[in-house]
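The next block holds one structure in the form of structure tokens; read it before the comments.
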Amino acid sequence: MTLVYSGVEEELRASVRKVLGDRSPWQEVLARVASDSPYDTGLWHTLAAEVGCAGLPVPQARGGAGASWREAAVVAEELGRAVAPVPHLGSTLATAALLALDAGDLLAKVAAGGVVAILAVPLSGRPAEVGAGSGTLTGVLTSVADALPADVLLVPAAGGLWEVAASRARITAVTSLDLTRPLADLSFESAPARQIAGGTAAAAALSAALTAGCVLLASEQLGVAEWCLDTTVEYVKNRRQFGRPVGSFQAVKHRLAQLWVAVTQARAVARYAADCLAEGSPDTAVAASLAQAHCSPVAVRAAEECVQLHGGIGFTWEHPAHLYLKRAKSDAIALGTPARHREVLADLLNLAACGGDHT
């Protein structure tokens, strides 16, 4: 195992960063979230189909790029750095579920970037099943991320996993904290559906999807934190007060030095989780929950420091700092809060049986 980025990963990073820099600078993101079309579907098609990001963890024999989840995690970092308004999280969950099921044609279409499929679970990650019967679904799912631009919905229902055309569901946008990842409520009224898995296979696929989602979400949080740190350092080096750069003051130096240490630690945790997922390590579940428990608060702290150390401009709509703060706050509850993942870790590591104070 190595936490160091490979040459291929760095080349992929450069390609994705160039596309995002050309197509989705923060000024464009800010303008888009203030419009009626927050998602940049054209950008996602470029990334998913032309760059090949959608199929990175999918073997070539199944229609993918034949890379691994490590490369997919690098893409997640760059999307976090750009707070890109694309359906990456929902697509990641769907891809992981389809991979676990070896879902043939649909997996190949998703990997090729021709179809946007999302796993229809609430942002919290706690699946709320709807009713199923006679090849139809009926019920409501709330606060689902990335449903608005989706073509296909993968819905947990009646102990199985069902494929539903997004056009057969009523998808209603709701007010979301993170404007770059809007949420929606889904309503199914006898919607035609095809069961693609049931019983233990469906449960295993759902678990694999949520685990992979946690791992890539940690990499996204790392990207958010890195942008906040880099941008703030650059700002305080040039912003002057009392005839000196703001960054020359000891209090500011200490805050940013401590943040740099936290981001460096988060990078190691996120990279370890991505490597475990890529290698199919038995420690993957532990690494995924550890990554979420650790990286969530680091991203929030980095975004808060970014807003505060930018002074007055950091509190304005015209500066992008608020986009990163909202993404960090939203990510901190996505697929489980840090507190919930600490509880999961306690169960996985059998800490409850050890006795004593584990704080």
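Consider Glu279 carefully, then state whether it is more than 23 Å from Leu349 (Cα to Cα) and open to solvent by 60 Å² or more (accessible area, probe 1.4 Å). No, not satisfied.
Could you go through the stretch 254-261 and let me know if any residue there is in contact with a strand residue (DSSP E or B) (Cβ under 7 Å, 6 or more places away or on another chain) and either among the aliphatic types (A, V, I, L, M) or in a helix (DSSP H, G or I) (or both). There is no residue in the stretch 254-261 that is in contact with a strand residue (DSSP E or B) (Cβ under 7 Å, 6 or more places away or on another chain) and either among the aliphatic types (A, V, I, L, M) or in a helix (DSSP H, G or I) (or both). Among the candidates Leu206, Leu177, Leu161, Leu148, the residue that is in a strand (DSSP E or B) and touching a residue at least 40 places away in the same chain (Cβ under 8 Å) is uniquely Leu161.
Per the conditions (1) over 14 Å from the mean Cα position of the chain (by Cα); (2) of a type in the set (Asp, Glu); (3) at pLDDT 95 or above, the sole criterion not satisfied by Asp102 is (3).
When Arg267, Arg271, Arg170, Arg239 are screened for being open to solvent by 50 Å² or more (accessible area, probe 1.4 Å), touching a residue at least 12 places away in the same chain (Cβ under 8 Å) and under 19 Å from the mean Cα position of the chain (by Cα), only Arg267 passes.
One line per residue, one yes/no per condition, for (1) part of a helix (DSSP H, G or I); (2) open to solvent by less than 20 Å² (accessible area, probe 1.4 Å):
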site	(1), (2)
Tyr5	no, no
Val19	yes, no
Pro38	no, no
Val58	no, yes
Arg70	yes, no
Ala94	yes, yes
Ala100	yes, no
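So for the stretch 43-51 (the condition being among the acidic types (Asp, Glu), under 19 Å from the mean Cα position of the chain (by Cα) and assigned to a helix (DSSP H, G or I)), does at least one residue qualify? Looking for residues that are among the acidic types (Asp, Glu), under 19 Å from the mean Cα position of the chain (by Cα) and assigned to a helix (DSSP H, G or I), one finds none in the stretch 43-51, hence no. The number of residues in the stretch 329-343 that are open to solvent by less than 30 Å² (accessible area, probe 1.4 Å) and either of a type in the set (Gly, Ala, Ser) or more than 22 Å from Leu30 (Cβ to Cβ) (or both) comes to 7. Is it the case that some residue within the stretch 319-332 is under 25 Å from Arg240 (Cβ atoms), in a loop (DSSP other than H, G, I, E, B) and not aliphatic (A, V, I, L, M)? Yes. Taking only the stretch 7-17 into account, find how many residues are in contact with a helix residue (DSSP H, G or I) (Cβ under 9 Å, 6 or more places away or on another chain) and either of a type in the set (A, V, I, L, M, F, W, C) or open to solvent by 50 Å² or more (accessible area, probe 1.4 Å) (or both). Within the stretch 7-17, residues that are in contact with a helix residue (DSSP H, G or I) (Cβ under 9 Å, 6 or more places away or on another chain) and either of a type in the set (A, V, I, L, M, F, W, C) or open to solvent by 50 Å² or more (accessible area, probe 1.4 Å) (or both) number 6. Taking each residue of the stretch 78-98 that is over 19 Å from Ala166 (Cβ atoms) and looking for partners that are of a type in the set (D, E, K, R) and open to solvent by 10 Å² or more (accessible area, probe 1.4 Å) with beta-carbon atoms closer than 7 Å, six or more apart or interchain, yields Glu78/Arg13; Glu78/Arg17; Arg81/Glu226. For the stretch 310-328, filtering for residues that are open to solvent by less than 20 Å² (accessible area, probe 1.4 Å) and touching a residue at least 40 places away in the same chain (Cβ under 8 Å) leaves 7. Among the residues of the stretch 114-133, those identified as open to solvent by 10 Å² or more (accessible area, probe 1.4 Å) and within 19 Å of the chain's Cα centre (by Cα) are Val115, Val116, Pro122, Leu123, Ser124, Arg126, Pro127. Condition check for Ala157 on (1) closer than 23 Å to Ser330 by Cα; (2) open to solvent by less than 10 Å² (accessible area, probe 1.4 Å): one failure, at (1).
Going by what's in this entry, would Gly90 be described as assigned to a helix (DSSP H, G or I) and either under 12 Å from the mean Cα position of the chain (by Cα) or surrounded by fewer than 21 Cβ atoms within 10 Å (Cβ to Cβ) (or both)? Yes, satisfied. Here Ala208, Ala212, Ala191 are screened, and the one residue that is open to solvent by 10 Å² or more (accessible area, probe 1.4 Å) and among the small types (Gly, Ala, Ser) is Ala208.
The values are calculated or read from the model by the stated rules, or taken from the named source; none is laboratory data. Keep in mind that this is a model prediction, so the values were computed, not measured. Don't worry about glycine lacking a Cβ; one is built from the backbone with ideal geometry, like all the others, and counts go over all protein chains shown. In case anyone asks, the SASA skips ligands and DNA or RNA and just uses the protein heavy atoms, side chains included. Shrake-Rupley method; radii C 1.70, N 1.55, O 1.52, S 1.80 Å.
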